[in-house]
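Engineer: Can you keep this structure in mind? I'll have questions shortly.
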Amino acid sequence: MSAAPLVGYSSSGSEDEAETEACARPGVGGRHRGQSPLPSQRLPVPDSVLHMFPGTEEGPEDDSAKHGGRVRTFPHERGNWATHVYVPYEAGEDFLELLDALLPHAQTYVPRLVRMEAFHVSLSQSVVLRHHWILPFVQALKDRVASFQRTFVGLEVTSGHAQFLDLVSEVDRVMEEFELPTFYQDPSFHISLAWCVGDARLQLEGQCLRELQAIVDEFEDSEILLRVRAGQVRCKSGNKFFSMPLK
């Protein structure tokens with residue numbers, strides 16, 4: 001997954017600046033000699049000064065146009081880090097050739113489909129962590145998954161499903177410790193190949209999926225190339241990555 005930022009920052013005026021108004025100090029018999037009266041109103045601050053410094057109180061705004069129309073599932077807040085636990089899939093040349101055959105065909109049904117930049121099997125939802133929780137969270141994950149063996153996965157997990165459920169169970173326990181949402185009930189484990197904005201299930205179901213399955217079935221050695229040795233669980237938090245080897 002890309003670590004590029006998904007948001008842009010806006011500038012604000014000087015509404016948070018502290019401003020004071022000077023008043024004449026009363027003396028005996030009125031003002032000091034030679035002192036001119038103070039203006040009753042503050043002078044306006046020039047626009048060039050108002051916009052010299054960017055605001056620091058406003059959070060970044062989501063600009064979905066900068067990341068393919070995707071919208072954050074939760075609002076940005078300074079100090080919060082989007083966090084996701086998954087098993088990475090290192091795609092080989094043969095896998096990418098298969099994807100090159102599948103994607104153009106799928107795009108005849110849904111032209112807005114976009115190829116994934118990286119591939120993985122999710123073990124958690126995307127959750128929010130405060131910055132000071134990251135290292136304790138990762139350490140708890142390491143303690144939970146340290147004893148798991150490696151397994152094999154394909155586009156959709158048809159073997160090793162029970163082992164993935166065991167991994168999710170351990171990840172869920174860590175989520176509960178930090179009072180975060182656990183994974184989905186009865187999850188289906190898979191590797192996403194492409195994505196698009198909006199609900200395109202009606203276009204993809206039925207004839208399209210049957211044709212895509214035929215391409216996979218006819219692809220040379222597809223049964224072998226769609227297996228992968230998963231040697232680690234990875235946690236991405238903001239722009240930081242943490243790896244936990246599987247035995």
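The values are calculated or read from the model by the stated rules, or taken from the named source; none is laboratory data. Keep in mind it's a predicted model, so treat the numbers as computed, not measured. Heads up, the Cβs are rebuilt from the backbone with ideal geometry, glycines too, and the neighbour counts pull from every protein chain shown. We work out accessible area using only protein heavy atoms, side chains counted, and drop any ligands, DNA or RNA first. Shrake-Rupley method; radii C 1.70, N 1.55, O 1.52, S 1.80 Å.
Engineer: Subtract the Cα-Cα distance of residue 158 and residue 107 from 0.36 nm times their separation in residues, and report this length gain in nm to one decimal.
Structural biologist: Values: separation 51, 0.36 × 51 = 18.36 nm, distance 2.58 nm.
Extra length from residue 158 to residue 107 when fully extended: 15.8 nm.
Engineer: Largest first, what is the accessible-area ranking of 233, 197 with a 1.4 Å probe? Let's see the in-between values first.
Structural biologist: Numbers: 233 0, 197 65 Å².
My answer, sorted largest first, is 197, 233.
Engineer: Ranked from the most accessible area to the least, with a 1.4 Å probe and all protein chains present, what is the order of 112, 201?
Structural biologist: Numbers: 112 105, 201 150 Å².
Final ranking, largest accessible area leading: 201, 112.
Engineer: 7 Å from Cα along Cα→Cβ at both residue 166 and residue 192: what's the point-to-point distance in nm?
Structural biologist: The answer from the label model is 2.8 nm.
Engineer: Please give the contour-minus-distance gain from residue 213 to residue 84: 0.36 nm per residue of separation, less the Cα-Cα distance, rounded to one decimal in nm. Let's see the in-between values first.
Structural biologist: Details: separation 129, 0.36 × 129 = 46.44 nm, distance 2.91 nm.
Between residue 213 and residue 84, full extension yields an extra 43.5 nm.
Engineer: So how much accessible area does residue 210 have, in Å² to the nearest 10, using a 1.4 Å probe?
Structural biologist: About 150 Å², rounded to the nearest 10.
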